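A quick write-up on the structure given underneath.
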Amino acid sequence: QVQLVESGGGLVQPGGSLRLSCAASVTIFSIHTMGWYRQAPGKQRKWVAIIMSGGGTTYADSVKGRFTISRDNAEKTVYLQMNSLKPEDTAVYYCNRIPAFSPWGQGTQVTVSS
């Protein structure tokens, strides 16, 4: 069974930065397209950033220019650097493969508030 462990969330002021990490316990990590998702209270989970096995990236319009997804295949880890954070970025952040592994990880809470 695959385990996904997200970390790095916290409370940050608007305009601040956080770096999220997600470690995946898979036999081979490098072949998978990975994504970061977020779920705000009362809303559906949505993807925010995707990184393909070759390193190509795609971002949701709401985070483009502020978030950067990256990966370390040797460490089987995917990262999300979040800059210029806004209150509307407040959510639980998850990572997963595309298509998703089951089960999802526990996520990491990001709260942007003054």
Query raised in the report: Which value, in Å², gives the accessible area per residue of the stretch 6-94 when a 1.4 Å probe is used on the protein heavy atoms?
Result: 51
Query raised in the report: Where in the stretch 16-48 is the amide nitrogen less than 16 Å from a point lying 7 Å along the Cα-to-Cβ axis of S114?
Result: 16-17
Query raised in the report: In Å, the Kirkwood hydrodynamic radius of the stretch 38-114 over pairs of distinct alpha carbons?
Result: 13.4
Report summary line: The long-range amide H neighbours of F67, using H built 1.01 Å from N in the peptide plane and a cut-off of under 5 Å, are N83
Report summary line: Answer in debye to the nearest 20: the dipole magnitude of the stretch 53-114 about its Cα centre, from +1 Lys/Arg and -1 Asp/Glu charges placed on Cβ, is 80
**Report entry** Whichever lysines have a C-alpha closer than 21 Å to that of K64, once near sequence neighbours (fewer than 8 apart) are set aside
**Finding:** K43, K46, K86
Query raised in the report: Tell me, what is the percent relative contact order of the chain, built from C-alpha pairs under 8 Å that lie six or more residues apart?
Result: 38
Query - Antiparallel DSSP beta bridges within the chain, percent to nearest 5 - result: 90
Report summary line: For S53, other-chain or 5+-apart residues with amide H closer than 5 Å (H placed, Pro excluded) are T33
Query - Surface share of carbon and sulfur [accessible, 1.4 angstrom probe, percent] for the chain - result: 49
Requested in this report: Could I have the simple spin-label model distance between D61 and W47, label points 7 Å from Cα toward Cβ, reported in nm to one decimal?
Outcome: 1.7
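The values are calculated or read from the model by the stated rules, or taken from the named source; none is laboratory data. Quantities reported herein were computed from a predicted structural model and do not represent experimental measurements. Ideal geometry is used to build each Cβ from the backbone, glycine not excepted, and the neighbour counts take in all protein chains shown. Accessible surface is based on the protein model in full, side chains and every heavy atom, while ligands, DNA and RNA are left aside. Shrake-Rupley method; radii C 1.70, N 1.55, O 1.52, S 1.80 Å.
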